[in-house]
Amino acid sequence: MELTVGPLLYWWPRAATLDFYAQLADAPVQGIVLGELVCSRRNDFKFDDWLALARELRAAGKEVRLATMALVMSEAELRGLRRVCEQDEFPVEAGDIGALQVLARAGRRPFTLGPHLNIYNAEALQEHARFGADRWVPPVELSLDAVTRINPEPGPVATEVWAFGRLPLAFSARCFTARHHRLQKDDCQFRCRDDADGLLLKSGEGAAFLALNGIQTQSAALQCLIAQRPALQAAGVGRLRLSPCGSAFSEVIELFDAVFSHDRDGQDALAELRRLPLPGPLVDGFARRLPGLVEAA
């Protein structure tokens, strides 16, 4: 199975971001998705910067797609969405239904259906395939057997499953990071730059529960399907998405590559992942039709 590195969901310093993608140029991943998905106030990278980075990674042999935002809330963000969808150098990953409408008007195809689109049945997937979709990232709460029923092999599009990283749970017009710091959203002082993996939220009992990432809410735990190779193969999954984190991500890539390209034992790799300084515990419940925070097995 091929590996894709999904969009960087956090606001890292510009130098750290450039260094991260420079390392990915030599990493054993086939695809990279670029772009700001969460908040347009994170403006260290403009559209032309993402485009230049995409060209560099393509020159390094990577398949590059450009992502649109998951929640468009202003005219300025709509203009940014149009720029991504109307450029003709790179395929697009649609973050919301608005992106699909712009892609259709621009005649841009093929494109990817991102994980934040509500596609939960075969009929909806087939309809989007007729519009030009060639890849689908299922919503993270779908089990692998549900993915198989919706897109049986060979299906109308290729399936790419969220295989590693904090689970994206919700987006809101409010910025909860700003609210935590008692700031207004429009005067947030860019506090999310302080949290390389989001701001951890604990339950009343002190257990890590959620992570706040600007307007996005994530799980504190990280989805990890490295030990689910047989189930992924049975589901017809051809590509795995790895969502970046702030520590040990290069080791994560190497271990996934070892399992899915070089037949390393998945349980051994899972045990090694647990020894890394990752920002949360590893879970895989959703994939196995269990509560999402069930420990990875």
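Read-outs: derived from the displayed coordinates by stated rules, not from any lab. This structure is a prediction, so every number in the text was calculated from the model and none was measured. All Cβ positions, even for glycine, are placed from backbone atoms using ideal geometry, and neighbour counts span all protein chains on display.
Here's the list of lysines a cross-link from Lys62 could span, going by alpha-carbon distance under 24 Å and ignoring same-chain residues fewer than 8 apart: Lys46. Within the stretch 201-297, the GluC sites (Glu not before Pro) that combine a DSSP coil assignment with at most 11 other C-beta atoms in a 10 angstrom radius are Glu205.
With a 10 Å Cβ neighbour count serving as the proxy for reagent exposure, in which order, fewest first, do Asp284, Asp145, Asp88, Asp197 appear?
Asp88, Asp145, Asp197, Asp284
For the chain, a simple Cβ point-charge model (Lys and Arg +1, Asp and Glu -1, everything else neutral) yields a dipole of about 720 debye relative to the Cα centre.
The ranking of Leu34, Leu270, Leu183 by Cβ neighbour count inside 10 Å, starting from the fewest, reads Leu183, Leu270, Leu34.
Taking the DSSP beta bridges with both ends in the chain, the antiparallel portion is around 35 percent.
Packing here is the average count of other Cβ atoms within 10 Å per residue, and on that basis the peptides 66-73, 215-222, 233-240, 48-55, highest first, run 215-222, 66-73, 233-240, 48-55.
Which of Ser143, Ser243 comes first, and how do the rest follow, when ranked by fewest Cβ neighbours within 10 Å? Could you put the intermediate results ahead of the total?
Details: Ser143 17, Ser243 26.
Neighbour counts put them in this order, fewest first: Ser143, Ser243.
The coefficient of translational diffusion for the stretch 18-82, derived via Stokes-Einstein from the alpha carbon Kirkwood radius under 4 °C and 1.567 mPa s, stands at 103 µm²/s.
Its Kirkwood hydrodynamic radius, worked out from the mean inverse distance over all distinct Cα pairs, puts the stretch 67-225 at 17.2 Å. Taking R0 as 41 Å, what's the FRET efficiency between Lys46 and Arg275 from their Cβ-Cβ distance, rounded to 0.05? Efficiency computed from Cβ-Cβ geometry: 0.55.
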